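The values are calculated or read from the model by the stated rules, or taken from the named source; none is laboratory data. No experiment lies behind these values; they were computed from the predicted model shown. As a convention, Cβ positions derive from the backbone with ideal geometry for all residues, glycine included, and neighbour counts pool all protein chains shown.
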Amino acid sequence: MERALYGPDGFYVRHRPGRHFRTSSQSVTFASAIARLVARVDAALGAPSTVDVVDVGAGEGTLLRNLVAALPDGLRERVRPHAVELDDPVIPDGIVGVLLAMEWLDNVPLDLSCDGVYLNDGAPLSTQDAAWIDRWWPAPAPGQIVEIGRTRDEAWAAAVAKLSAGLALAVDYGHLSGTRPAHTTLAAFRDGREVGVVFDGSADVTCHVSMDSAGEAGGTPYRIERQREALKGLGVDGGRPPLDLARSDPSGYVRALAACSEAGTLLDPDGLGGHWWLTHEVGIRLSE
C-alpha cells in the first residue's frame, strides 16, 4: 500500500487525485463551513495576531483557497495557511489555530491480518499489532480480515502533537468499536469509480479508518460525530431557497438552488454526510 500510493510510481506521485474522485474538500459550501469553524476557534483563542490553518494531505490546495476566501475581513489577514503534501510533507511545529486532515488517514498505509498472521506474507503478528487487535478489534471471527489501524493512530497522534493550541479535525469514512466491518473495506478508485484492488500505482488504494482508536491515540478531550450533524451545527442546512426569490432575483435563485444541491450532497447520510468528524480541542473549549 505504501509503494502503491507514495512510491516512485505511486498514485499520488503520478496522478492529480481531484480528477479521480470527489471529496468534501472540493466543495465551496464545505470550505465556507470550515471557515466558520476557524472563526470560532479564533474567538476561543482570543483572536491572536496569527492563526494557523494547516491542511494535511492538501492535494491541490482547493480547500485552503476556498476557506481563506470565505473568512471574514480581519480574520483573513491574520490567517496563515499551510498545505502539507508530498512536496512539503512536514507538519509545522507549534500550530496555534486549526489542523485539518480531510480524508488523509484512510490513505495512511496499514497492514491486514487474518487468523493471527499478516495477510501479505503469512508472518506472525508483531506484539504491537496483536495488542492493537486485542484492544480495538477483539475476537475476530475465523477467516475475518482485520485492518490494523495502529499506523493511522500513530500518524494522527503525531499530527495532533504539533498543535499548541486550537482544534485538530480529521474527516474520514470509518467505523467504531462494536461496528467493525465483517468484510475488508480495502478498495481502489480510479476515474471516479471503484475498480479492482491493484498495487501498481494506477489507482487510489484505501481502507476505512478506526476512528475511535485514532481519537484515543490523539489524546486530549476528543469528540466523534457524523459529518451531517457537524455541518448542520456550522449552518449548512440544505434547505431549498424560497420561490419568491425566483421572481425577484432569478439568477440569485439559481445560485441558491445550486448551493442547496451541494449542501444536500455534503449532508447525505448514505454519502459524504455519513463520514466521521474526529475533533481534539487543545487549550480551548468549543463543545459542550
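Applying the condition of being free of Cβ contacts under 8 Å to residues at least 60 places away in the same chain, in a strand (DSSP E or B) and touching a strand residue (DSSP E or B) at 6+ places or on another chain (Cβ under 7 Å) to the stretch 176-231 and asking which residue is farthest from G283 (Cα to Cα) yields V195.
For the stretch 161-194, which residues satisfy the criterion of being of a type in the set (D, E) and at pLDDT 95 or above? Residue satisfying the conditions is D172 alone. Output yes when any residue across the stretch 180-190 is assigned by TED's automatic domain parsing to the domain that holds H15, of a type in the set (V, I, T) and farther than 17 Å from A4 by Cβ, and no when none is. No. Hey, among the residues in the stretch 87-116 that are without any contact (Cβ under 8 Å) to a residue 24 or more places away in the chain and assigned by TED's automatic domain parsing to the domain that holds A157, which one's nearest to H183 (Cα to Cα)? This residue is P89. Surrounded by fewer than 20 Cβ atoms within 10 Å (Cβ to Cβ) and either outside the structural domain of G57 (by TED's automatic domain parsing) or touching a Lys or Arg at 6+ places or on another chain (Cβ under 9 Å) (or both): does that describe A139? Yes. Exactly one residue among I224, I284 is closer than 22 Å to T29 by Cα, of a type in the set (V, I, T) and surrounded by 14 or more Cβ atoms within 10 Å (Cβ to Cβ), and that residue is I224. Just to be sure before I move on: is V160 under 21 Å from L286 (Cβ atoms) and touching a His at 6+ places or on another chain (Cβ under 6 Å) in the structure I sent? So V160 passes the test.
The set of residues in the stretch 97-119 being of a type in the set (V, I, T) and either in contact with a helix residue (DSSP H, G or I) (Cβ under 9 Å, 6 or more places away or on another chain) or closer than 21 Å to S24 by Cα (or both) consists of V98, V108. Among the residues of the stretch 193-240, the one identified as under 30 Å from G7 (Cα atoms) and of a type in the set (K, R) is R193.
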